[in-house]
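J.: Take this structure first; my questions come after.
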Amino acid sequence: MSESPTHLRAMARFRIALFNMAPAKLLVFGYVSYMLIGWLLLSLPIAQQSPVAAIDTLFIATSAVSTTGLVSVDPGGSFTLFGEVVILLLIQAGGLGYMTIGSFATLAIMGKLPGMRARAAKHAFNLPENVKPKHFVISVVVFTVTVEVIGALALWWMFAAAGEENALWLGLFHSVSAFCTAGFSLFSNSFESYSGHVGINLVISLLSILGAMGFLIVVDGWRTLTGQARWLGFSSKIIVRMTGLFLAVGTLALFVAEPSLRSMEPAERLLAAFFQTMTATTTVGFNTVPIGALGLATLMVLFFLMIIGASPAGTGGGLKTTSFAALVGLVRSTLKGRDRVRYLKRVVPEDRLQ
């Protein structure tokens, strides 16, 4: 049956409007579409172990795509395997970015990125001028799959050794959730049952840090290793320095000042302090100790770390480490009476500062 002329004209107008849409509007349109599709799939009876209210399925779908990690129902106890797979796919789409997934599919089929997709990808990841969207998208997908598979295998082995059922699925789900800094867990108490398990703590932390530091570090590091550049770029240096600084200062503050951790052995106390600092810095949202039991001073430290958050072109949220570094540079330059903003002995370009 052939399509009517009216329908064809409507589709043509929609395609023209889509291709002429500003990158920011295109990103909003894509993410809203993902949330609505996820909402519909999670609302199906096949996705639910027990009836879940429509507002809760919408909340879970939105939280998964935006990788906030907030939940209104227990994902592991409320959804079937089908529902958990839907949540995992939404997390992956949110962490990678739907433009990255779509752009990679376009590259696989066409071998190039159309102008609209290239502009949107550059806008979504806030890429510097010297990074080509095509190469960046390929690097992002390859790196993501590699890291998540390695993380899933490591967690599978440790969950199996701990006697968990469906250890492979638990490993895969939490590997993706950690790397995408989504914070969704199939355990009702997140990782509180594994607060003293060094291996699980470190694997989850490494996955979250790699995701939060951003794909820009990967591209920059690869260029350095292959001889295309002598040193890491300016943005990458800031990201590494600021991430390390926040992790060190936050861990020390929690280790020394948090009353609820003082009953632990020193090694477990240090591990718990590091994990909660990591989860705030990367905005992943996991926890190994009850958050409600933490002191007000500790919560303020975590609050500050979450506000700053992760890094550009990464999977985490927040103001971003580079924005915080720019603010520090702006304050120092103002106090010293300089006309230009400097950081790490480099002038921050006006367009990047804006």
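J.: Out of the residues in segment 317-354 meeting the condition of being in contact (Cβ under 8 Å) with a residue 40 or more places away in the chain and assigned to a loop (DSSP other than H, G, I, E, B), tell me which one is nearest to Met306 (Cα to Cα). Before the answer, list the steps.
T.: Start the filter on segment 317-354 by keeping residues that are in contact (Cβ under 8 Å) with a residue 40 or more places away in the chain, which leaves 317, 321-322, 324-325, 343-344, 346.
Okay, now just the ones that are also assigned to a loop (DSSP other than H, G, I, E, B), so 317, 344.
Values: Gly317: 8, Leu344: 24 Å.
Checked segment 317-354; the qualifying residue nearest to Met306 (Cα to Cα) is Gly317.
J.: Would you tally the residues in segment 256-265 being in a helix (DSSP H, G or I) and either out of contact with any Lys or Arg (no Cβ under 6 Å at 6 or more places or on another chain) or farther than 15 Å from Gly196 by Cα (or both)? Steps first, answer last, please.
T.: Narrowing segment 256-265 to residues in a helix (DSSP H, G or I): 256-257, 259-261.
Applying the additional criterion that residues be either out of contact with any Lys or Arg (no Cβ under 6 Å at 6 or more places or on another chain) or farther than 15 Å from Gly196 by Cα (or both) yields 256-257, 259-260.
The qualifying residues number 4.
J.: A further question follows. Please specify each residue of segment 54-91 satisfying the condition of being of a type in the set (S, T, N, Q) and in a helix (DSSP H, G or I). Quick ask: steps written out before the conclusion?
T.: First, the residues of segment 54-91 that are of a type in the set (S, T, N, Q): 57, 62-63, 66-68, 72, 78, 80.
Within segment 54-91, Thr57, Thr62, Ser63, Ser78 meet the criteria.
J.: Test Thr334 against the criterion of being under 30 Å from Glu148 (Cβ atoms) and of a type in the set (Ser, Thr, Tyr), and give yes or no.
T.: Numbers: under 30 Å from Glu148 (Cβ atoms): no; of a type in the set (Ser, Thr, Tyr): yes.
So Thr334 does not fit the description; no.
J.: Would it be correct to say that Leu247 is open to solvent by 10 Å² or more (accessible area, probe 1.4 Å), among the aliphatic types (A, V, I, L, M) and without any contact (Cβ under 8 Å) to a residue 40 or more places away in the chain?
T.: Criteria met by Leu247.
J.: Would you confirm whether or not segment 255-262 contains a residue that is of a type outside the set (A, V, I, L, M) and open to solvent by less than 50 Å² (accessible area, probe 1.4 Å)?
T.: In the first step, residues of segment 255-262 are kept if they are of a type outside the set (A, V, I, L, M); the result is 255, 258-260, 262.
If we keep only those that are open to solvent by less than 50 Å² (accessible area, probe 1.4 Å) as well, we get 258, 260.
Checked against the condition, which is being of a type outside the set (A, V, I, L, M) and open to solvent by less than 50 Å² (accessible area, probe 1.4 Å), segment 255-262 yields at least one hit.
J.: Give Gly196, Gly183 a once-over and let me know the one that is open to solvent by 20 Å² or more (accessible area, probe 1.4 Å), under 30 Å from Ser263 (Cα atoms) and of a type in the set (Gly, Ala, Ser). Step through it out loud before you land on a result.
T.: Working: Gly183 fails: open to solvent by 20 Å² or more (accessible area, probe 1.4 Å).
From the options Gly196, Gly183, the qualifying one is Gly196.
J.: What single numbered condition from (1) at pLDDT below 95; (2) surrounded by fewer than 22 Cβ atoms within 10 Å (Cβ to Cβ) fails to hold for Gly94?
T.: With (1) at pLDDT below 95; (2) surrounded by fewer than 22 Cβ atoms within 10 Å (Cβ to Cβ) applied to Gly94, the lone miss is (2).
J.: State yes or no: is Thr298 part of a helix (DSSP H, G or I), surrounded by 14 or more Cβ atoms within 10 Å (Cβ to Cβ) and touching a residue at least 40 places away in the same chain (Cβ under 8 Å)? Quick ask: steps written out before the conclusion?
T.: Values: part of a helix (DSSP H, G or I): yes; surrounded by 14 or more Cβ atoms within 10 Å (Cβ to Cβ): yes; touching a residue at least 40 places away in the same chain (Cβ under 8 Å): yes.
Criteria met by Thr298.
J.: Just give me the residues in segment 279-295 being surrounded by fewer than 23 Cβ atoms within 10 Å (Cβ to Cβ) and of a type in the set (Gly, Ala, Ser), in sequence order.
T.: Gly292, Ala293, Gly295
J.: Next up: Among (1) over 26 Å from the mean Cα position of the chain (by Cα); (2) on the phi > 0 side of the Ramachandran plot, where does Arg262 come up short?
T.: (2)
J.: Next question, about the same structure. Among (1) out of contact with any strand residue (DSSP E or B) (no Cβ under 8 Å at 6 or more places or on another chain); (2) among the β-branched types (Val, Ile, Thr); (3) open to solvent by less than 80 Å² (accessible area, probe 1.4 Å), there is one condition Thr334 misses while meeting the rest; what is its number?
T.: Thr334 satisfies all of (1) out of contact with any strand residue (DSSP E or B) (no Cβ under 8 Å at 6 or more places or on another chain); (2) among the β-branched types (Val, Ile, Thr); (3) open to solvent by less than 80 Å² (accessible area, probe 1.4 Å) except (3).
J.: So which residues in segment 266-278 are open to solvent by 10 Å² or more (accessible area, probe 1.4 Å) and either closer than 19 Å to Gly69 by Cβ or not in a helix (DSSP H, G or I) (or both)?
T.: First, pick out the residues of segment 266-278 that are open to solvent by 10 Å² or more (accessible area, probe 1.4 Å): 266-271, 274.
Within segment 266-278, Phe274 is the sole residue that qualifies.
J.: Please verify whether segment 226-241 includes one or more residues that are surrounded by 22 or more Cβ atoms within 10 Å (Cβ to Cβ), at pLDDT below 95 and not in a helix (DSSP H, G or I).
T.: No, every residue in segment 226-241 fails to be surrounded by 22 or more Cβ atoms within 10 Å (Cβ to Cβ), at pLDDT below 95 and not in a helix (DSSP H, G or I).
The values are calculated or read from the model by the stated rules, or taken from the named source; none is laboratory data. The structure presented is a predicted model; accordingly, all values stated were derived computationally and were not measured. Here the Cβ is made from the backbone with ideal geometry for all residues, glycine too, and neighbour counts use every protein chain on show. To get the accessible areas, we keep the full protein, side chains included, count just its heavy atoms, and leave off ligands, DNA and RNA. Shrake-Rupley method; radii C 1.70, N 1.55, O 1.52, S 1.80 Å.
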